[in-house]
Amino acid sequence: MAETLVVVGIKNLGRDIALHFARQKWRVVCASRTPADVEKLAAEVTAAGGEGVACPCDLARPETLAPIVRGGVDLCVAAQSPGGRFGSRPFLEIDDAELAHGFAISVQGTWNLLKVVGRELAEKRRGTFIQIGTSSGVRSKEGFAALGANQSSLRTLVQVVAKEWRAHGIHVVYVPADGPIESERSRGWAGSQGLGKLLPPLEIARACEYLHRQDPRAWTHELLLRPGQGDWSAPT
């Protein structure tokens, strides 16, 4: 029987992760707020060789999340992003709403997701939950006060759950992408000479597969991914 991936946040990276597992014949539950987006990706998953399941939901509304685990779940990848503006901004110039919005999507959203997925995995006493994070979750940087506060909180939440659930056979992992992820937009500003400074989405998807396949005797609970031309010696 095919394994089931639940991927939450299906634009850009989430889409690439879904299609990677689709090519390996997985059942892929595509979860996001916009029905048209989840239906489109579910069709792409099926066309790629998997079984696509469209599941509109909202991480901020726990009552909408129950359908994502119907039919079971073996691996859940949380790749949601609060969106909004891009780049740094001095602390005193950051709107307070930015902190609240980021918390609602990243921290509260994952809190709600863990509650639903965790119950399903606990019943089977196996499975994997992977949270995609950012560099702000592992090191502070001027200009990113709101993002850093939320991502640090998210990392701590995932760490606590990993410690609680590993005794029950559930593998919980935090995967911070310490660098920009390759996309149409990032390729535009990086140029042909800067692709080595971007993280290929396929490699992040392959990392998720690797983590899911690990022997419980040697689980990785945090995997930091950096671009090939990034500073691998940078502090974490």
* To do: Would you check if there is a residue in region 215-225 being surrounded by fewer than 20 Cβ atoms within 10 Å (Cβ to Cβ), at pLDDT 95 or above, among the aliphatic types (A, V, I, L, M) and out of contact with any Asp or Glu (no Cβ under 7 Å at 6 or more places or on another chain)?
  => yes
* Structure fact -> The lone condition K11 fails out of (1) surrounded by fewer than 22 Cβ atoms within 10 Å (Cβ to Cβ); (2) at pLDDT 95 or above is (2)
* To do: Consider only pairs whose beta carbons are under 6 Å apart and that are at least six residues apart or on different chains; among these, list those whose first residue lies in region 27-45 and is free of Cβ contacts under 8 Å to residues at least 60 places away in the same chain and whose second residue is assigned to a loop (DSSP other than H, G, I, E, B) and among the acidic types (D, E).
  => R33/D58
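Can you list the helices (runs of 4 or more DSSP H) lying wholly within region 77-181 that have 3 or more residues being among the polar types (S, T, N, Q) and surrounded by fewer than 19 Cβ atoms within 10 Å (Cβ to Cβ)?
On the way: elements: 96-102, 109-124, 145-165.
Filter on region 77-181 gives 145-165.
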* Asked: What pairs come up if the first residue lies in region 95-119 and is over 30 Å from R166 (Cβ atoms) and touching a residue at least 24 places away in the same chain (Cβ under 8 Å), the second is assigned to a helix (DSSP H, G or I) and of a type in the set (A, V, I, L, M), and their beta carbons are under 7 Å apart, counting only those six or more places apart or on different chains?
  -> E98/A146; L99/A146; L99/A149
* **Residue check, E184 modelled with pLDDT under 95 and surrounded by fewer than 15 Cβ atoms within 10 Å (Cβ to Cβ)** => yes
* Pull up region 14-23, narrow it to residues that are in contact (Cβ under 8 Å) with a residue 60 or more places away in the chain and under 15 Å from D74 (Cα atoms), then point me to the one that is surrounded by the most Cβ atoms within 10 Å (Cβ to Cβ). => I17
* **Those residues of region 196-228 which are under 17 Å from the mean Cα position of the chain (by Cα), part of a helix (DSSP H, G or I) and touching a residue at least 12 places away in the same chain (Cβ under 8 Å), in sequence order** => P201, L202, E203, I204, A205, R206, A207, C208, E209, L211, H212
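Taking G191, is it surrounded by fewer than 20 Cβ atoms within 10 Å (Cβ to Cβ), at positive phi and at pLDDT below 95?
yes
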* All positions within region 120-140 that are free of Cβ contacts under 8 Å to residues at least 24 places away in the same chain and among the acidic types (D, E) -> E123
* So which residues in region 48-68 are within 17 Å of the chain's Cα centre (by Cα), part of a helix (DSSP H, G or I) and more than 14 Å from C30 (Cβ to Cβ), if there are any at all? -> none
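The values are calculated or read from the model by the stated rules, or taken from the named source; none is laboratory data. Nothing here was measured: the structure is a model prediction, and the numbers come from that model. A quick note on method: Cβ atoms are made from the backbone with ideal geometry, for glycine too, and the neighbour counts reach across all protein chains shown.
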